[in-house]
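Undergrad: Sending over a structure as C-alpha cells; questions will come in a sec.
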Amino acid sequence: MTGLSKISLQLARCPEFPEGNPRDGYEIVAPLDEAGRLDTEAWHAQRDHCRVRRLAPDGATRHGRLLHRAGGAGGASWVFDYDDRSDADDEGGFRLDSHRMAPGEYVSIKDAGGRLRTYAVMAVRKA
C-alpha cells in the first residue's frame, strides 16, 4: 500500500498576481504513485485519510475531502469536497490524474465559482 503524502500548492503567477500569491493555496493529503501522480488504487484503500485544506487569500481556511468521481477526462476526475450535502462548493482539478505532484510542477484547479486557476507545487513530503 502506498503511503500518504502532503502536497502544498500555491497560486502561481497570473495577471492578477505577477509573483503568485502565497496566501492562496491548498494542502492535500493523498497517496502518490512512484511517478508522483495521484494513485487511484491506493486512494480507494485510504480514502478516509485523503483530505484537503483550502487556504484562501482572505485568511479563511476550509477543510474537505479529496474524492475520485466518475466522469470527466479519462472517465474520472478528482475533486475537493467541502460539504458532502452539496456539490455546489466542490472544486475540481483539471486532469489531476495526469500531473506529477513534484516541486516546480503546476496543476490547475477550478474553484466553486468556475474560475480555473494555476497552482505551483511547492512541496511534497510524507504525511
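We did not get these values from a lab; they are worked out from the coordinates using the rules stated. Since the structure is predicted, the reported quantities are computational estimates derived from the model, not experimental observations. Reconstructed Cβ throughout: ideal geometry from the backbone, glycine too, with neighbour counts over all protein chains shown.
Undergrad: With r as the distance between the Cβ atoms of R23 and R95 and R0 = 22 Å, compute the FRET efficiency 1/(1 + (r/R0)^6) and round to 0.05.
TA: Working: r = 26 Å, r/R0 = 1.17.
Calculated value: 0.30.
Undergrad: Now, a different point. With just the Cα atoms defining each centre, how far is segment 68-127 from segment 1-30? Give it in Å.
TA: 11
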